[in-house]
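Right, one structure below, let's go through it.
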Amino acid sequence: MKKNVVISWSSGKDSTLTLLRLLENPNYQVVGLYTTYVKDEVPFQATPIEVVEMQASLIGLPLITIELPEVFPANKVYQPLVVNGIKNSGLNIEAVAFGDMFCNGIADYRRSYIEPAGLECVFPLLGENSSDLANEIIERGIQTTVTTTDGQALSKEWCGLEYSREFIQSLPQGVDPCGEDGEFHTLVTSAPCFDGCIILTLEEIETGDRFSHQRYQATALPNSN
């Protein structure tokens with residue numbers, strides 16, 4: 001019997017690769033996505049929640065949205081919000097999947113509050129080589145735009161660029177090719193699991209003390225039948 005799994009959805013390339021792998025996995029049935037957001041957008045990616053809804057619509061999966069009071073709420077606030085949001089979604093969920101790559105303690109942290117709720121934690125990408133995963137993202141046709149850069153690693157000029165082999169090859173030394181240390185974040189506009197694509201009209205780059213965000217107008221373009 002397949003286990004019903006919901007995927008932690010950031011709107012970026014890692015969660016999309018997680019989805020594609022699980023759609024191919026005979027042990028799981030993907031039944032939905034869940035996204036946490038603050039003030040109408042996903043933290044770090046700075047993706048407006050309506051754009052995440054566009055993605056979910058193109059994928060054809062229900063989206064669970066969980067509002068957080070701030071970007072880094074205390075565990076006693078964050079963990080119940082996530083667990084209750086999943087449990088009260090109305091979906092039959094047995095497992096939760098995450099797109100984490102590094103074995104840096106994050107898997108143990110997620111298990112610490114997901115598993116006591118009776119849910120399995122699934123990590124399809126954990127421990128794999130970042131360069132191999134970056135190549136897989138590109139080879140699978142996951143099209144993504146860099147929407148956020150951390151100024152300690154990449155300047156604002158990297159915002160708005162397409163995630164490509166050329167992008168990866170031009171990254172400064174020490175920057176992970178998947179941005180797994182938080183150097184950059186992405187928005188997926190097309191993928192094999194999308195029935196259509198999202199068209200972006202790039203606007204200004206919003207620059208803060210440390211992070212820069214590419215702002216844009218987004219339009220969903222479903223495939224015509």
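Pop the C-beta distance of Asn88 and Leu126 into the FRET formula with R0 = 30 Å and round what comes out to the nearest 0.05. Efficiency for this residue pair is about 0.65. Think of the chain as having a plus end and a minus end, set by charges on the Cβ of Lys, Arg, Asp and Glu; of His213, Phe98, Phe44, Phe98 sits farthest toward the positive end of this dipole.
A crude spin-label estimate for the pair Arg140 and Tyr113, with each label 7 Å from Cα along the Cβ direction, gives 2.6 nm. Over the chain, DSSP H runs of length four or greater, each weighted -39,500 (n - 2.57), average out per residue to a 222 nm ellipticity of -8000 deg cm²/dmol.
Charge dipole (Cα centre; +1 on Lys/Arg Cβ, -1 on Asp/Glu Cβ; no other charges) of segment 72-123 amounts to roughly 200 debye.
Under a no-solvent Debye model with one identical scatterer per Cα of segment 1-117, what's log10 I(q)/I(0) at q = 0.22 Å⁻¹? The Debye formula, applied to the Cα set alone, gives -1.53.
So if we plug the beta-carbon distance of Ser155 and Phe72 into 1/(1 + (r/R0)^6) with R0 = 30 Å, what FRET efficiency do we get, rounded to 0.05? Working from the Cβ atoms, E equals 0.75.
Hydrodynamic analysis of segment 43-171 uses the Kirkwood radius over alpha carbon pairs. Inserted into Stokes-Einstein at 25 °C and 0.890 mPa s, it gives a translational diffusion coefficient of 142 µm²/s.
Determine the percent antiparallel among the DSSP beta bridges restricted to segment 31-180, to the nearest 5. Don't skip to the end; give the middle numbers.
Numbers: 4 of 12 bridges.
The answer is about 35 percent antiparallel.
Each of Gln169, Leu63, Val188 was scored by the projection of its Cα onto the charge dipole of the chain, and the greatest displacement toward the positive side belongs to Leu63; charges sit on the C-beta of Lys, Arg, Asp and Glu. Taking amide H positions as modeled 1.01 Å from N, with prolines and chain starts lacking one, the residues under 5 Å from Lys3 and 5 or more places away or on another chain are Tyr28, Gln29.
For a test of the definition: using alpha carbon positions, the gyration tensor, and the 1.5 limit on a/c, classify segment 158-225 as rounded, prolate or oblate. Here segment 158-225 falls in the oblate category.
In this Cβ point-charge picture (+1 for Lys and Arg, -1 for Asp and Glu), the chain has a dipole of about 620 debye about its Cα centre.
Compute the Kirkwood hydrodynamic radius of the chain, taking the inverse of the mean of 1/r over all pairs of distinct Cα atoms, and give it in Å to one decimal. Please list the in-between numbers first.
Values: mean 1/r = 0.0560 Å⁻¹.
Hydrodynamic radius (Kirkwood, Cα only) of the chain equals 17.9 Å.
Considering only Ala153, Ala74, Ala46, the Gaussian network model of the chain with Cα springs below 10 Å gives its largest mean-square fluctuation to Ala74. Within the shell defined by Cβ-Cβ distances under 12 Å, the residues around Leu68 carry a net charge of -3, with Lys and Arg each +1 and Asp and Glu each -1.
Please give the charge dipole size of segment 41-98, origin at the Cα centre, charges +1 on K and R Cβ atoms and -1 on D and E Cβ atoms. Round to the nearest 20 debye.
On the way: 2 positive and 6 negative charges, 48 e Å.
That gives a dipole near 220 debye.
For the chain, the longest principal axis of the alpha carbon atoms and the long axis of helix 75-87 meet at an angle near 70°. If the segment from Lys3 to Arg210 were pulled out straight at 0.36 nm per residue, it would be longer than the present Cα-Cα gap by 70.4 nm. Take Lys13: with every protein chain present and a 1.4 Å probe, its accessible area is about 10 Å². Taking Ser112, Ser15, Ser164 as the candidate residues, the one with maximal mean-square fluctuation in a Gaussian network model of the chain, Cα springs under 10 Å, is Ser112.
The values are calculated or read from the model by the stated rules, or taken from the named source; none is laboratory data. What you see is a predicted model; the values in this text were computed from it and never measured. Counting neighbours? That spans all protein chains shown, and the Cβs are built from the backbone with ideal geometry, glycine included. Please note that ligands, DNA and RNA were not included when accessible areas were found on the heavy atoms of the full protein model with its side chains. Shrake-Rupley method; radii C 1.70, N 1.55, O 1.52, S 1.80 Å.
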